[in-house]
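Student: Got a structure here, written out as structure tokens. Questions coming.
Quick note: the coordinates plus some simple rules give every number you see, no bench work behind them. From a predicted model like this one, the values you see are computed outputs, not experimental measurements. Heads up, the Cβs are rebuilt from the backbone with ideal geometry, glycines too, and the neighbour counts pull from every protein chain shown.
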Amino acid sequence: MKAKVFVTLKPSVLDPQGKAIHHSVEQLGFQQVSDIRQGKYFELSLDSSVNETEAREAAEKIAADVLANPVIEDYRVEIVQ
Amino acid sequence: MKFGVIVFPGSNCDHDAYHVISKHVGQPVDFIWHKETDLSGFDAVIVPGGFSYGDYLRAGALARFSPVMKAVKEFAASGKFVFGICNGFQILCEAGLLPGALIRNAGLHFVCKHVNIRTENQYTPFTNELKEGSVLSIPIAHAEGNYTCDDATYQTLEENNQIVFRYCDETGEITPESNPNGARSNIAGICNLDRNVLGMMPHPERACEELLGSNDGRSIFRSLTGAIAAAAI
């Protein structure tokens, strides 16, 4: 079982890296892209003995305590068999 | 009195802090390896600058889980002094000992230069030898020194006078041009409610010798030493 964790900056937080990426993308001709924000993606591989509920519980706690800084980031967990 | 300088894998400003306490402050000082869990015997602990755990995940994000940090939290809760410099400030924020967070510099560049900071609160153990308005020239060297927090936290910091240093120009005026990293309200350093924990992005331990460009950092260490002596009475 895998837990996929997506960590993104809260909308209110400045993302200069996203802006720099956006600038380059614009230079490439993609004028229709109005904004880019960069986030992080984590894959947690869990033991086969773990069921979906336990996997989600563990992943949510790990995301909240370690992977994301709640002051500046939000997270989302997806469980994949 | 005894000072401790914590060393995490990746810390690289530990020796400068040790040198300043030993040579300029003239007090006993020891290195504290990050696996240590006993801080008894220390009066103040410095969380130094550098790249603990390579800044992996986020600056300070992994260091906050080092065994020593549980002891640092108890140390702080007991009223003893904790001084976080640069990466140390980042670690203290990640550990929840100080509010807010340090994010990537707004200009994206790693900024390495002397800046001016204005003393906003002279009533802390770290600034008691300074006056409100005192301007110090202290070097910074960071890519993630942009202090940020939500509006509610900012209001609390203001109301409780927890903002200790702000970036300013040489005359002490707080201007956008004097802000090297986009930090909210030019915040360079803050303290906790009890004022025994301070975090600052500039490196006062690199401003204790004229040869290095500024002596202004000495006043911060003198203040802390005085506060420890007063607390012992």
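Student: How many partner chain Cβ atoms sit within 10 Å of a residue's Cβ in peptide B:98-105, on average, as a whole number?
Tutor: Whole-number average of other-chain Cβ neighbours for B:98-105 is 4.
Student: Need one value for A:11-19: mean number of C-beta atoms belonging to other chains within 10 Å of its residues' C-beta atoms.
Tutor: Mean shielding count: 4.
Student: Roughly how big is the protein assembly as shown's charge dipole about its Cα centre, with Cβ charges of +1 (Lys, Arg) and -1 (Asp, Glu), in debye to the nearest 20?
Tutor: Value, rounded to 20: 280 debye.
Student: OK, next. Grab the other residues whose beta carbon is less than 15 angstrom from that of A:Ser34, score K and R as +1, D and E as -1, and report the net.
Tutor: Every neighbour counted, the sum reads -1.
Student: From the helices alone, meaning DSSP H stretches of at least four residues, give me the mean residue ellipticity at 222 nm for the protein assembly as shown, per-run term -39500 (n - 2.57), in deg cm²/dmol to the nearest 500.
Tutor: -7000 deg cm²/dmol
Student: Another question about this same structure. Within 10 Å of each Cβ of B:56-62, how many other protein chain Cβ atoms are there on average? Write down the numbers at each step before the final one.
Tutor: Working: counts 0, 7, 8, 0, 1, 4, 1.
Mean partner-chain Cβ count within 10 Å for B:56-62: 3.
Student: Here is a further query. Counting only other residues whose beta carbon sits under 11 Å from that of B:Asp43, what net charge do I get with K and R as +1, D and E as -1?
Tutor: Result for the local shell: +2.
Student: Only Cα pairs within less than 10 Å get springs; with that Gaussian network setup on chain B, which residue of B:Ala101, B:Ala71, B:Ala152 has the largest fluctuation?
Tutor: In the Gaussian network model the winner is B:Ala152.
Student: Within region B:51-90, list the residues whose amide N lies under 17 Å from a label point set 7 Å along Cα→Cβ of B:His15.
Tutor: Correct set: B:51-52.
Student: Tell me, what HN-Hα J-couplings in whole Hz come from the Karplus equation 6.51 cos²θ - 1.76 cosθ + 1.60 at θ = phi - 60° for each residue of region B:163-168, using x for Gly and Pro?
Tutor: 7, 9, 9, 10, 5, 8
Student: Here's another thing I want to ask about it. Just order B:168-179, B:129-140, B:89-100 by mean Cβ neighbour count inside 10 Å, highest at the front, would you?
Tutor: B:89-100, B:129-140, B:168-179
Student: Oh, and also: According to a simple spin-label model (label point 7 Å from Cα along Cα-to-Cβ), what is the distance in nm between B:Ser185 and B:Ser40?
Tutor: About 4.0 nm, to one decimal.
Student: For every other residue with a beta carbon closer than 12 angstrom to the beta carbon of B:His15, add +1 if it is Lys or Arg and -1 if Asp or Glu, then tell me the sum.
Tutor: Here the count lands on -1.
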